[in-house]
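The values are calculated or read from the model by the stated rules, or taken from the named source; none is laboratory data. The structure displayed is predicted, hence computed values, not measured ones. Please note: Cβ atoms are built from the backbone with ideal geometry, for glycine as well, and neighbour counts cover all protein chains shown.
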Amino acid sequence: MRSCRQYIILLLLLLSGMIAAAQNPNNLIATRTQLVLLVDLNSPKNYLDSIFKKAAISNVNINNFIKGDFSVLTKDGWVEAKRQKNIVQFNRPLKDLKANPPENPFVVTNDIIKNEPRHGYMDNAVYGVNKFINVTVYELPSGLTRFNLPGYLNARRVFLSGGFNDWSTLKGKMTKTTTGWFIDIKLQPGGWMYKFIINSDWTLDPNNSIQMGDGGGNTNSVYYKYNYTFKLHGFSIAKKITLVGSFNSWKNNELIFEKKGDAWELPLYLSEGMHSYRFIIDGRSIPDPANPDKYKDSDGLLSSVLNIGETVYFKLNGYTNAKNVYVAGSFNSWEQGKISMKKTTDGWSVPLILPAGNYDYKFIVDGEWITDPQNPVSDVESKQLNSFIAVKPNHTFNLIGYSSAKTVILSGSFNNWKQNGYRLGNNGSQWSISLHLEPGKCLYKFIVDDKWILDPGNKQWEQNQFGTGNSVLWIDR
Amino acid sequence: MGGINFKNAIIINDDPAPYGDFQTLIVPIKRAGNLIIVEAQLDSLEGNFVMDTGAPYLVLNATYFRDAPRLRNQESAGINGDSDGSYTTVVHNFSILDLHYSRITADVTDLSGIENGRGIKILGLLGTRLFNKFAITIDISNNLLYIHKLDAQGNIPSSERIFKDPYLHMPFKYLNDVIFLKGAVNDKTMWFVFDSGAETNLLDYRKSKKALSTMQIVSRSKLTGIGGSSFEILYARFDKLTVGDKDFMRNRVLITNLEKMGKAYDHSVDGILGYDFFSRGVFSINFVKSEFEMYIYNNQ
């Protein structure tokens, strides 16, 4: 009786399914006791791919399947129940859902809910200028940034919350004055979304004209902490001077200079890396007369080139008899013969402007590739041992002791747990390496002469799939 | 987040009542995925906690609280130790803004899965027992949590009520500090755990057999649990979810075996109402009167 009823339900489901999906008879349905998979052998390959994906059946060779080889489905627990012309029905019992019951809802939803990047951060901001109705956010001589919120004197408390404090509702507590509220915070150059929490209400900055959606349905205020000022001397009778560049797609009338004394100035935030730009003076476009770095584009137009980043001095002591010394690394795609070093009294040297990051490099002395003898820290990439440097490092890993170890390697989520990667340098009492890490959580371990160990200097660790634990580190913005 | 093998469930709750100078405390909240995040302070440590009515009490993340003192004769589980290494502790000076707890019994357990899944530092879970002298109201669209002190009758004083005329007003069963709501899936009666820490609705496959044939199966998935064991789920849609005497249309649900989660609650569970349900409106839980209310944003 039950099977008869099931059959009727199945028929009804099939019928309703057929009406809904006349084009695609492939379907996955459930009855009281089993899961039913219907596959039309004549359907296009992409339809078959999608029904197998829906049923979580992987590695089906479609050509073999069409020819009647159902072995992949059989191995997965499906039983061929019926075949009518080109439609094949496979069943599997619902009690397959019984095995290994999950421990908590999160285990079930973790992979189902898409892990979108967290909203409210502007890590990819390329450039920006502020636009305030009243300038209530500004830089202090101390290097801190002051956020003011005039008024709201009846509020019980006000917090500043934004990407810079990981949208904390507690950390940015503002101080009350006779005219309003303020807080001084340390900011890295860049674009920062923020809001005030007045009493408990998330509130846009009423004095800031720049607002931006965070991709998650919220609108925030935006402040740019500047890191560069364009300057142009002279042109005292010019009416309007603007800046165009690769960073703003050469859009005119967006970035406007202000006259300061006998010069024109335009401070802004500009991301690290290479940018090209021109000035437009009352409609006439010129490269930056004060910048010797220029290039000619395909139209024969000269533009200025600007490289934003940290200046790093690469130095090689000795080798004073060498004819040519170059440096090459991951920062220039290992192109040899491009960055030549200059001879000094006791060796060779070259300054390079590099964006924050981690770099492998080597010197090339008269054609011979060598690691940097002054740098104890190295990295292995494609089985090649290279010298290693972090520009603007934000964490130093130290391992005290282990002085008799031959090698100490750092392996973690930041380098896909590479087992032969970052090699720490030893200064006698401890092993160290500094890295520039992305904000967020890092898991890592040290490998001391092939033995994996937790960081004894870090109390924070979590369990891993081997039952041996990983050290835990959070990198702030 | 049920099922974290709650050790503390058997311990008599003799923690002193919390205190605070407020009638209604309004706490700004944040979101990570479908999780509701509340910042709280434990001694000098500030950080994120998941608002989790699926947990009976405060649960702390072992990564940051591994050295907290152990209550009674609990074995210390080292890194290669047995079981899940969780244990019970007592913490002092815990605050959610103006709401202060001088002493709380809490579990310490591994919450790294949540951190790694959502990319946010999680110090712990705020379970129901923290609020059992209050009513709480969560307005997700405005990112606010209201903690209400109650009058002598156990009601939110009418002058303090922010939302009026609930769409749904129903009693709940409060068993082992877990909220059970009576409802139905396509007219098949069920008892649901209301879990603000569940990012979807969940149904037990044994309890949903009758209802399954009325559902549209979206997909089947094979997932990996703690310790690498694999389990299966079905992702389905169905028309009518009834909670109390009200219907909620167009629902999504994950169907799997909830046996272990039921064991953690010490009570069998037919289903769990999570984000898909509670994100439809403002919800309010009066722990003293065991009443659940919902004010709807959208019932479509």
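Could you run through region A:156-192 and say how many residues are among the β-branched types (Val, Ile, Thr) and either touching a residue at least 40 places away in the same chain (Cβ under 8 Å) or surrounded by 17 or more Cβ atoms within 10 Å (Cβ to Cβ) (or both)? Step through it out loud before you land on a result.
Here is the first cut: in region A:156-192, the ones among the β-branched types (Val, Ile, Thr) are A:158, A:169, A:175, A:177-179, A:183, A:185.
The next check asks that each one be either touching a residue at least 40 places away in the same chain (Cβ under 8 Å) or surrounded by 17 or more Cβ atoms within 10 Å (Cβ to Cβ) (or both); those that pass are A:158, A:169, A:183, A:185.
Counting residues in region A:156-192 that are among the β-branched types (Val, Ile, Thr) and either touching a residue at least 40 places away in the same chain (Cβ under 8 Å) or surrounded by 17 or more Cβ atoms within 10 Å (Cβ to Cβ) (or both) gives 4.
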Query raised in the report: Looking at A:Asn207, A:Asn148, which is the one that is away from chain B (no Cβ under 14 Å), in contact (Cβ under 8 Å) with a residue 60 or more places away in the chain and more than 27 Å from the chain's Cα centre (by Cα)?
Result: A:Asn207
Query raised in the report: Is it fair to say A:Asp360 is surrounded by 16 or more Cβ atoms within 10 Å (Cβ to Cβ) and either under 20 Å from A:Thr311 (Cα atoms) or free of Cβ contacts under 8 Å to residues at least 40 places away in the same chain (or both)?
Result: yes
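Considering only region B:105-143, state which residues are hydrophobic (A, V, I, L, M, F, W, C), modelled with pLDDT under 95 and more than 30 Å from A:Cys442 (Cβ to Cβ).
B:Ile140
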Query raised in the report: Taking region A:151-173 only, how many residues are in contact with a strand residue (DSSP E or B) (Cβ under 8 Å, 6 or more places away or on another chain) and away from chain B (no Cβ under 14 Å)?
Result: 4
Query raised in the report: Any chance region B:23-44 includes a residue that's at pLDDT 95 or above, in a loop (DSSP other than H, G, I, E, B) and within 14 Å of another protein chain (Cβ to nearest Cβ)?
Result: yes
Query raised in the report: Can you name the condition, by its number, that A:Phe90 falls short on among (1) in a loop (DSSP other than H, G, I, E, B); (2) hydrophobic (A, V, I, L, M, F, W, C); (3) in contact (Cβ under 8 Å) with a residue 24 or more places away in the chain; (4) within 14 Å of chain B (Cβ to nearest Cβ)?
Result: (1)
Query raised in the report: Which of (1) touching a residue at least 24 places away in the same chain (Cβ under 8 Å); (2) surrounded by 15 or more Cβ atoms within 10 Å (Cβ to Cβ) is the odd one out, the single condition A:Glu462 does not satisfy?
Result: (1)
Requested in this report: Output the residues belonging to region A:97-131 that are in contact (Cβ under 8 Å) with a residue 40 or more places away in the chain and surrounded by 15 or more Cβ atoms within 10 Å (Cβ to Cβ).
Outcome: A:His119, A:Gly120, A:Tyr121, A:Met122, A:Ala125, A:Val126, A:Tyr127, A:Gly128, A:Val129, A:Asn130
Report summary line: When B:Leu130 is run through (1) part of a helix (DSSP H, G or I); (2) hydrophobic (A, V, I, L, M, F, W, C); (3) closer than 15 Å to B:Arg280 by Cβ, the failure sits at (3)
Query raised in the report: Looking only at region B:40-66, which residues are of a type in the set (S, T, N, Q) and crowded, with 21+ Cβ neighbours inside 10 Å?
Result: B:Asn48, B:Thr53, B:Asn61, B:Thr63
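Return yes when B:Ala264 is over 30 Å from B:Ala17 (Cβ atoms), small (Gly, Ala, Ser) and within 13 Å of chain A (Cβ to nearest Cβ) and no when it is not.
Spelling it out, it is not the case that B:Ala264 is over 30 Å from B:Ala17 (Cβ atoms), small (Gly, Ala, Ser) and within 13 Å of chain A (Cβ to nearest Cβ).
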Report task. Working only within region A:35-66, note down all residues that are touching a residue at least 40 places away in the same chain (Cβ under 8 Å) and within 10 Å of another protein chain (Cβ to nearest Cβ). Result -> A:Leu35, A:Val36, A:Leu37
Query raised in the report: Name the strands (runs of 3 or more DSSP E) wholly within region B:171-220 that hold at least 3 residues that are away from chain A (no Cβ under 12 Å)?
Result: B:173-175, B:178-185, B:188-194
Query - Candidate set from region A:390-401 (those that are surrounded by 14 or more Cβ atoms within 10 Å (Cβ to Cβ), of a type in the set (A, V, I, L, M, F, W, C) and in contact with a Ser or Thr (Cβ under 9 Å, 6 or more places away or on another chain)); member that is farthest from A:Trp334 (Cα to Cα) - result: A:Leu399
Query - Hey, A:Leu306 outside any loop (DSSP other than H, G, I, E, B), within 29 Å of the chain's Cα centre (by Cα) and aliphatic (A, V, I, L, M) or not - result: yes
Query raised in the report: Quick one: is A:Asp372 more than 26 Å from the chain's Cα centre (by Cα) and surrounded by fewer than 16 Cβ atoms within 10 Å (Cβ to Cβ)?
Result: no
Query raised in the report: Is region B:237-256 home to any residue that is outside any strand (DSSP E or B), more than 10 Å from every other protein chain (Cβ to nearest Cβ) and within 16 Å of the chain's Cα centre (by Cα)?
Result: no
Requested in this report: Test A:Gly457 against the stated conditions and say whether it is surrounded by fewer than 19 Cβ atoms within 10 Å (Cβ to Cβ) and either within 21 Å of A:Glu381 (Cβ to Cβ) or more than 24 Å from the chain's Cα centre (by Cα) (or both).
Outcome: yes
Report summary line: Within region A:32-46, the count of residues that are surrounded by 17 or more Cβ atoms within 10 Å (Cβ to Cβ) and hydroxyl-bearing (Ser, Thr, Tyr) comes to 1
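When you check B:Ile138 against the structure, is it over 19 Å from the mean Cα position of the chain (by Cα) and within 14 Å of chain A (Cβ to nearest Cβ), yes or no? I'd like the intermediate steps shown before the answer.
Numbers: over 19 Å from the mean Cα position of the chain (by Cα): no; within 14 Å of chain A (Cβ to nearest Cβ): yes.
It is false that B:Ile138 is over 19 Å from the mean Cα position of the chain (by Cα) and within 14 Å of chain A (Cβ to nearest Cβ).
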